[in-house]
Amino acid sequence: MANYAIRFLLAFGQLNVDFQLIIMPAKKIVVIGAGFAGLSAATTLADLGYAVTLVEKHNMPGGRARIFEAEGFRFDMGPSWYWMPDVFDRYFARFGKKVSDYYELIRLDPAYTIVFDKNDRMRIPADYKALQELFESYEPGAAKQLDAFMKQAAYKYEVGVNQLVYKPSRSLLEFMHPSLLLDMTRMDIFQSIRKHIGKFFKNQKLVTLMEFPVLFLGATPQNTPALYSLMNYADLKLGTWYPQGGMFEIVKAMESLAKEKGVKFVYEAEVTAINISGRTAKSVVTTAGTFEADVVVGGADYHHLDQQILPEAYRNYSSDYWKKRTMAPSSLLFYIGLNKKLEGLTHHTLFFDEEFDQHAHDIYTDPKWPTKPLFYASLASKTDSTVAPEGCENLVILIPLAPDLEDTEALREQYYTMIMDRFEKLTDQSIRDAVVYKRSYAMADFKTDYHAFKGNAYGLANTLLQTAILKPALKNKKLNNLYYTGQLTVPGPGVPPSLISGQVVAQEVVREYPNH
Ligand SMILES: Cc1cc2nc3c(=O)[nH]c(=O)nc-3n(C[C@H](O)[C@H](O)[C@H](O)COP(=O)(O)OP(=O)(O)OC[C@H]3O[C@@H](n4cnc5c(N)ncnc54)[C@H](O)[C@@H]3O)c2cc1C
């Protein structure tokens, strides 16, 4: 009755908006997981007036992008490449902020180095003219070809990143707009990126450079749609950036903005169950208490929520479905503190001195510890003096591995020796004798820390059959008010897509559960 009277007064303009907010309490949203996707969803919803509580298993935000400190070194545990700066700009602009309100961005030049052999390196310049000259030096006519390639890639980036990735992908109808359909034919969805690149460049080293961004997508170039040449545009035109202080600066910025918008953070709160009544999720049970919810947004690993947290009757997918997914690789990482500076290396170095296809075969076709793996070395201390003590180097080595392999200390050590042998030989300097700190991280840690399915690092591979509406859905099919966000749903793995995923799910919540 009281509610009826209030609605009557509202209808006749007798109550102002502030009073509406007092008498009609904001809907309660519980977001699970403070990775990029969870932070993004929570902030977007809090900004629209929802009462948002974010529950996180760890004692800090960031998820796969957490940090740790040891012996005076500060290590970013996950992402190290800051690509697609426009996506971050757009995210902060949504809340009336600028990236520069939070951290200083530096464009890396060279963006990165590819080591093919001891005396054979390719340094990728930030300047496009210099890049064209580099291409021409490897293959006559390649500079012009690069222009043609980039023109298409720019178009794909424009349509892909500005229109397609913000779609919730709940139905094909979302893509049925006539102008979008026309665009889609130019998006190269049914051709592989390997074939696409091969039409423009013949030189194997240029081909390797152009295929490298595909590694971020977790699939082989043969299985990745040519749509993703938009990643080449992101790489070679938009550039590789670094937030001074490290990648965790992005997380700190997002947490601070979330708090400003009113998000309540509860750390060391591991979700163990979701209480359900009928078709409605009622509350989220964590190790730090139970939180009532009108809507739940799951930003923890999708498989974990679906298969381990929800009772069987409410799961979106069967265990068979999950078994058939192609996961992106896991990784073996070494976080290393060195008591000296390394010679001749840049911030990012890719060691492509072995066959990419053989390593890919050991990841996707015949999953096993690779015989001759490619690896990546990050030396953030080349750009940033705050991540290592003076005169020291902060080194992170990453070796992509097939998910769900046996993971033992002995195997990790075997690969440490193998990689260090090559690293020292290829860079012509001793490294192991300067190691003052070392920690390894691999499949078993991804499982323990993030409940990662098969110990994956980057979620699902971006193959054609795992794109858009073919990805795990962002809404539960049996519960009206449970949504998912993060790298296992749309639009996919990576920091920018995770930021976008949070915004996409927020838009769906707003549409179906308007606040007032
Ligand atoms: C080694 C590595 C290197 C990478 N490099 C790059 C890169 O250079 N550039 C790039 O763009 N991307 C990179 N990525 C990918 C990128 O980091 C991820 O795609 C992105 O961080 C995923 O964000 P998310 O929010 O989906 O998931 P997550 O970061 O995994 O967040 C999920 C959160 O949920 C929490 N959680 C899980 N279970 C529970 C539970 N039961 N209760 C409560 N909380 C729970 C977790 O603790 C975590 O904080 C890299 C990833 C890794 C692992």
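Could you compute the FRET efficiency for T448 and T326, with r as their C-beta to C-beta distance and R0 at 22 Å, rounded to 0.05? Don't jump to the answer; show the numbers that get you there.
Numbers: r = 23 Å, r/R0 = 1.06.
According to the calculation, E is roughly 0.40.
At 0.36 nm per residue, minus the direct Cα-Cα distance, what do Q204 and E406 gain on full extension? Give it in nm, one decimal, please. If you can, show how the numbers build up before the last one.
Numbers: separation 202, 0.36 × 202 = 72.72 nm, distance 3.34 nm.
Extending this stretch completely gives an extra 69.4 nm.
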Study note, to complete from the structure: Dividing the surface of the Cα convex hull of the stretch 180-230 by four yields a projected area in nm² of 3.5 nm²
Review point. From Cα coordinates alone, what are the radius of gyration and Dmax values for the stretch 57-211 in angstrom?
Key: 19.7, 58
Review point. Can you work out ³J(HN,Hα) from phi for every residue in the stretch 94-104, in order, using Karplus 6.51 cos²θ - 1.76 cosθ + 1.60 and θ = phi - 60°, giving whole Hz and x for Gly and Pro?
Key: 4, 10, x, 10, 10, 3, 5, 5, 10, 8, 9
Review point. What are the residues whose amide H is under 5 Å from the amide H of I106, where those residues sit 5 or more places off or on another chain and H is modelled from the backbone?
Key: Y242, Q244
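Tell me what the chain gives for mean residue ellipticity at 222 nm when only DSSP H runs of n ≥ 4 count, each as -39,500 (n - 2.57), the sum divided by the residue total, rounded to 500 deg cm²/dmol.
Working: 16 runs with 167 residues, N = 516.
It lands at -9500 deg cm²/dmol.
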Check your understanding: Along the stretch 209-214, what does the Karplus equation 6.51 cos²θ - 1.76 cosθ + 1.60 (θ = phi - 60°) give for ³J(HN,Hα), rounded to whole Hz, x for Gly and Pro?
Key -> 4, 6, 7, 4, x, 4
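Using the alpha carbon gyration tensor of the stretch 361-444, what are the three equivalent-ellipsoid semi-axes (square root of 5 times each eigenvalue), largest first, in whole Å? All intermediate terms of the calculation are to be shown ahead of the outcome.
Values: eigenvalues 135, 39, 31 Å².
Three semi-axes, in Å: 26, 14, 12.
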Study note, to complete from the structure: Checked the stretch 26-88 with the C-alpha gyration tensor, a ≥ b ≥ c its square-rooted eigenvalues, rounded below a/c of 1.5, otherwise prolate if a/b is larger than b/c and oblate if not; verdict oblate
Review point. Each label point is 7 Å from the Cα along the Cα-to-Cβ direction; what then is the distance between the points at E268 and E413, in nm?
Key: 3.3 nm
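I'd like to know how the chain sits against the 2.2 N^0.38 Å rule of thumb: what's its Cα Rg over that expected value? Present the calculation step by step, with values, prior to reporting the outcome.
On the way: Rg = 23.6 Å, N = 516, 2.2 N^0.38 = 23.6 Å.
Output field value: 1.00.
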Revision key, fill the gap. If one compares the long axis through the Cα atoms of helix 142-162 with the longest principal axis of the Cα atoms of the chain, the angle in degrees, nearest 10, works out at 10 degrees
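With r as the distance between the Cβ atoms of R107 and S277 and R0 = 30 Å, compute the FRET efficiency 1/(1 + (r/R0)^6) and round to 0.05. Walk me through the numbers on the way to the answer.
Numbers: r = 52 Å, r/R0 = 1.75.
The computed FRET efficiency comes out at 0.05.
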Exercise for review: Starting from the amide H of I276, placed 1.01 Å from N in the peptide plane, find each other amide H under 5 Å away whose residue is 5 or more places distant or on another chain.
Suggested key: K282
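Based only on Cα atoms, what Rg/Rh ratio does the stretch 260-376 have, Rh being taken as Kirkwood's radius?
1.14
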Practice item. Report the full-extension gain for the segment Q163 to M176: residue separation times 0.36 nm, less the Cα-Cα distance, to one decimal in nm. Key: 3.4 nm
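Cα gyration tensor of the stretch 420-514, axes a ≥ b ≥ c as square roots of the eigenvalues: rounded (a/c below 1.5), prolate (a/b > b/c) or oblate? Before the final figure, lay out the partial values.
Details: a/c = 3.04, a/b = 2.70, b/c = 1.13.
Prolate shape, in that a/c is at least 1.5 and a/b is the bigger ratio.
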Check your understanding: Under a 5 Å amide H to amide H cut-off, with H placed in plane at 1.01 Å, what residues pair with K475 once short-range neighbours are removed?
Key -> Y484
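Could you tell me which of rounded, prolate or oblate describes the stretch 124-209, using a ≥ b ≥ c as the square roots of the eigenvalues of the alpha-carbon gyration tensor, with rounded for a/c under 1.5 and, failing that, prolate when a/b is larger than b/c and oblate otherwise? Spell out each step's value before the answer.
Numbers: a/c = 2.96, a/b = 2.30, b/c = 1.28.
Prolate.
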Review point. Which of the GluC sites (Glu not before Pro) across the stretch 58-115 are loop residues per DSSP, with 14 or fewer other Cβ within 10 Å?
Key: E71, E104
Check your understanding: With the other protein chains left in place, how much accessible area per residue, in square angstrom, belongs to the chain at a 1.4 angstrom probe?
Key -> 40 Å²
Exercise for review: Just the number, please: percent antiparallel of the DSSP beta bridges in the chain, rounded to the nearest 5.
Suggested key: 75 percent
Study note, to complete from the structure: Nearest 10, in degrees from 0 to 90: the angle of helix 2-11 to the longest Cα principal axis of the chain is 70 degrees
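The values are calculated or read from the model by the stated rules, or taken from the named source; none is laboratory data. Since the model is a prediction, treat every value here as computed from it, not as a measurement. Backbone-built Cβ (ideal geometry, glycine too); neighbour counts: all protein chains shown. Only protein heavy atoms, including side chains, enter the accessible area calculation; ligands, DNA and RNA are left aside. Shrake-Rupley method; radii C 1.70, N 1.55, O 1.52, S 1.80 Å.
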